[in-house]
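Step one of this worksheet: look at the structure below.
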Amino acid sequence: MAITESRAEVAVSENNTSKPLNLLKSWIDKHLIPVMGGAATVSLILFSGSIWNTWNAYQGFKNVVIKQFELQHLSDEIIYLDEVLTMSARMAASTGNYYKWEERYNQNIPPLDQAIKEVIELAPSYQEDLAKTDQANQILISMEAQAFDLVREKKPQQALKLLLSPEYDANKEIYSQAINKIFNDIQTQVKETRQVYGNNLRLSLIFSGISFPILLISWGGVIWAVRSYIQQRDMAQRKLLESQTTLLDLNTELQEKGQLLFAAEQATRIENEVLQNDIAHLLDVVSAVEQGELTVQAEVNERLTGIVADTFNRLIEELAKVLIQVLSTAVQVAEKAQISEGIAQQVADRSLAQSTSVNQILERSENVQVSVGASSEQVEQALYALSTLKDIVNQGTEAIAQLRQGIEILGSGSERIIQQMKTLGEFVGLADEFVAEQSEIAQQTQILALNASLVAARASGQQSSTTLLGVAREFEGIAEQVSQLAGATSSGLAVLEQRTRQIHQVVSSVDAEVQNLGNLVGEFREGVQQSNQLFEKVETVTLQAMGAGGAVTQANHQIVEATQKTVKAMEDIAGLAQATADLAQNSLVQSEVMKNLSARLLSTIEFFQLPGVSEREKAHSLPPSNL
Amino acid sequence: MSVISSPINKNPQERFILAKLEEVTLFFPSNLVTEILIIETSQLLPLPFYPQSVLGCIQHQGQIIPVVSLYEIRGSNPRLSKEKLKVVRLSENSGNLRGVGIVVDQLLGSQGKEQLSPELFKTDSVITLNEQKMCLFQANLLSEKLWQPQHWLAPQS
């Protein structure tokens, strides 16, 4: 349990870190060994891969690159030795001193052969090329041997000629080309191989670079998980130790408490016996109280039963006090009740007097009622008259409304007539204008006539044709003016005809309006006659209403007298009522006193809790205290 | 006087054109009258420096016609309140007044000499017959001073 608690505490304490990290950690904690095994496996695989890669690179380097470097060295040596042999032969041929140069030549032949053999051994793929080289080499060697023989035979010129011959040069060329080809191939192959191994090394480096962080992370995680596991285990172990010590302490405490309890049990047994004796005594006292004996007292001691006895003694005392108070209160209540009885008697007498006064008032009210009845009859008559008046007034109102309506129609008709008269006036104005125009035309015509007469008078006195021609032109002008005037006259006449027609229309409409107005006036006359009749009726009804009003007035006077008498009687009654109110107030005061007494008594009795009476009932039964 | 014109007589010199000028009836011999015109007041071209009787000039049928009012002669002020004026144009027989237009209020017609009162021909001033004033038009009704520009008139002592 302690371990679980410690693990829980650790889990709680680490709750502050990120949740995914917690989840990962918890998962790792649960699967620690598989995780470690997995990390080891991955590490092993990666290391194996790296080792294999490195071994591969090493083997490659060793087998191929070294071999290639060796081949290159051998090729250089072959070229060198070939040149040594060639130069030795040529020097021997050119100097004639064959001993030294032949010795040198013979010394360098075996290394050359050895070198070629080693090349063949190291690169069997170049054997074909080397075969060609060897063939050319053999030819060269035989030619050089021949040259040495010639030098030995004292024929250096021939020897030199042989060594410088085209055949020798051709074979030399073949030899050198073959060698160069081989060495170029070797160099190319070396380069390719170097590149391949460079790529392999790069790949292995990348692999190492990738695997290193993976290994780092995985082993870091493993280390972190292991460390946390170790921490958790240490914490759990600590918690275990702490809980163990706590349990030991509790155990000792329990042992001590057990001993104490045993001692307490013994004491309790003794005390129990004593208490039983006390309770028996209390029961005796209670039975005495039940019998009504309130003078008994229970024995008080230090024990709990002594406290109970003391409380019971106080209860008995309280009960005695309450009963004494109840007794005194009952005596007071009896006295107050007698006083209230006296007051009630007075109230009854006063009420009797009031009732006699009320009877008198009733008689008078009857008289008033009779008067009111007469008055109401008169009022009814007046009302009837007024209703009749109202009907007449309504009829008059209707007649007046009709008159008003007719007046409005008359007004509108008059307006229309006025408008039409205005139109007529306009037409008359137009006619005046026409007349003026026609008079003007007439004047012009007259003037033209006079001019014509003047021209005629001149023409009658003329005999020359030219002057007659002038006169004729004047006549022509005058005739044109006459025709214009005639046209103006005809157009004026047309306008006059049109305006005359309009005037006829206006006049006919005015005539119709006037006829309508005449009818309206007739209706007005009838309405006025009706109104006159209605007003006559109103006059008679008003006279009737006035008579009824007089009678009502008389009846009202009688009512007023009766009312005055009634008022006086009511005042007497009010006096009696005031006295009754005073007595009632007195009675109220007495009641208040009794209420206070009862409240006091109830508050005293509250000390006791009675069966079947709830707190609310007690509160209702308890009047508000004025103490 | 009625406006009825009498039938044309064979002797033109014996006819008279009747015109009204205020309450006076003027009798123009027909041989003194060329024609009768109705002109508009707006057509009048006033002539400065001339008396008020000379209302101005108008252009009629390519001729300039001076228009004269007889109101001064009558003693009343010339009135140009009307829009149109009736003008009696005098003929060549009028002597110095040939072509002059005389403004009248109303044209009444024409009558023969035999219809006129002989007393009309006895005087050149206004006469009253049957409570009607009448006057025979003559060329000497218009003074020569009428045609002189006023600043040329010699100052009157």
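Throughout, read-outs are computed from the coordinates displayed, never taken from laboratory work. Values in this document were obtained by computation on a predicted structure and should not be read as measured data. Neighbour counts run over all protein chains shown; Cβ positions are idealised from the backbone, glycine included.
What the table below lists for this structure:
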read-out: Approximate spin-label separation A:GLN590-A:MET421, in nm, with each point projected 7 Å along Cα-to-Cβ; value: 10.1
read-out: Spacing of the two label points (7 Å from each Cα toward its C-beta) at A:GLN505 and A:ARG404, in nm; value: 3.7
read-out: Peptide ranges A:318-327, A:540-549 listed from the most packed, as the mean C-beta count within 10 angstrom indicates; value: A:540-549, A:318-327
read-out: Backbone N under 14 Å from the A:ARG104 label point (7 Å along Cα→Cβ), restricted to the range A:54-87; value: A:81-87
read-out: With eigenvalues of the C-alpha gyration tensor scaled by 5 and rooted, the range A:443-487, Å; value: 21, 11, 5
read-out: Contour minus Cα-Cα distance for A:SER165 and A:SER142 (0.36 nm per residue); value: 6.9 nm
read-out: Per-residue HN-Hα couplings for the range A:110-123 [Karplus 6.51, -1.76, 1.60; θ = phi - 60°; Hz; x = Gly/Pro]; value: x, x, 5, 4, 4, 5, 5, 4, 5, 5, 4, 5, 6, 10
read-out: Packing rank of A:139-151, A:469-481, where each peptide gets the mean count of other beta carbons within 10 Å, highest leading; value: A:139-151, A:469-481
read-out: Debye intensity ratio I(q)/I(0), log10, the range A:316-433, q values 0.21, 0.23 Å⁻¹ (C-alpha model); value: -1.12, -1.17
read-out: In degrees, nearest ten, helix A:19-30 long axis to first principal axis of chain A (Cα); value: 50
read-out: Distant-in-sequence amide H partners of B:VAL33 (H built 1.01 Å from N, under 5 Å); value: B:SER91
read-out: Potential lengthening between A:SER48 and A:ALA264 on full extension [0.36 nm per residue; Cα-Cα distance subtracted]; value: 69.8 nm
read-out: Viscosity 1.567 mPa s, 4 °C: Kirkwood-radius Stokes-Einstein D of the range A:165-314 over Cα pairs, µm²/s; value: 47
read-out: Amide proton proximity set for B:GLU22, modelled H, under 5 Å, gap of 5+; value: B:ASP105
read-out: Average projected area [Cα convex hull, chain A], square nanometres; value: 132.8
read-out: Gain on full stretching of the segment that runs from A:SER491 to A:ASN63 - 0.36 nm per residue minus C-alpha separation; value: 139.6 nm
read-out: Listed peptides A:225-232, A:243-250 by packing density, highest first (mean Cβ within 10 Å); value: A:225-232, A:243-250
read-out: Long-range HN-HN contacts of B:LEU85 with modeled amide H, under 5 Å; value: B:ILE39, B:GLU40, B:THR41
read-out: Inter-chain Cβ neighbour average for residues A:439-447, partner chain, 10 Å; value: 3
read-out: Alpha-carbon Debye profile of the range A:287-332, log10 I(q)/I(0) at 0.16, 0.30, 0.33 Å⁻¹; value: -0.50, -1.03, -1.10
read-out: Three-way shape label, the range A:348-393, alpha-carbon gyration tensor, a/c 1.5; value: prolate
read-out: Sum of side-chain charges, A:ALA488 neighbourhood, beta-carbon under 13 Å (Lys, Arg +1; Asp, Glu -1); value: -3
read-out: ³J(HN,Hα), Karplus 6.51/-1.76/1.60, whole Hz, each residue of the range B:136-147, x for Gly, Pro; value: 8, 6, 9, 5, 7, 5, 9, 6, 5, 5, 4, 9
read-out: The range A:235-379 pair-distance distribution - Cα-Cα, 10 Å bins, rounded %; value: 9, 13, 11, 10, 10, 10, 9, 8, 7, 6, 4, 4, 0
read-out: Taking the C-alpha atoms of the range A:178-251, convex hull volume expressed per residue in Å³; value: 56
read-out: q = 0.15, 0.19, 0.27, 0.30 Å⁻¹: log10 I(q)/I(0) that the Debye formula gives for the range A:125-182, counting C-alpha atoms only; value: -0.46, -0.64, -0.96, -1.08
read-out: Whole-number percent relative contact order across chain A, with pairs defined as alpha carbons under 8 Å at least 6 apart; value: 17
read-out: Peptide A:529-540, shielding by other chains (average Cβ, 10 Å cutoff); value: 0
read-out: Separation of alpha-carbon centers, the range A:387-417 and the range A:343-363, rounded to whole Å; value: 66
read-out: Backbone HN-Hα couplings from phi across the range A:408-416 [Karplus 6.51/-1.76/1.60, Hz, Gly and Pro as x]; value: 4, 4, 4, x, 5, x, 4, 4, 4
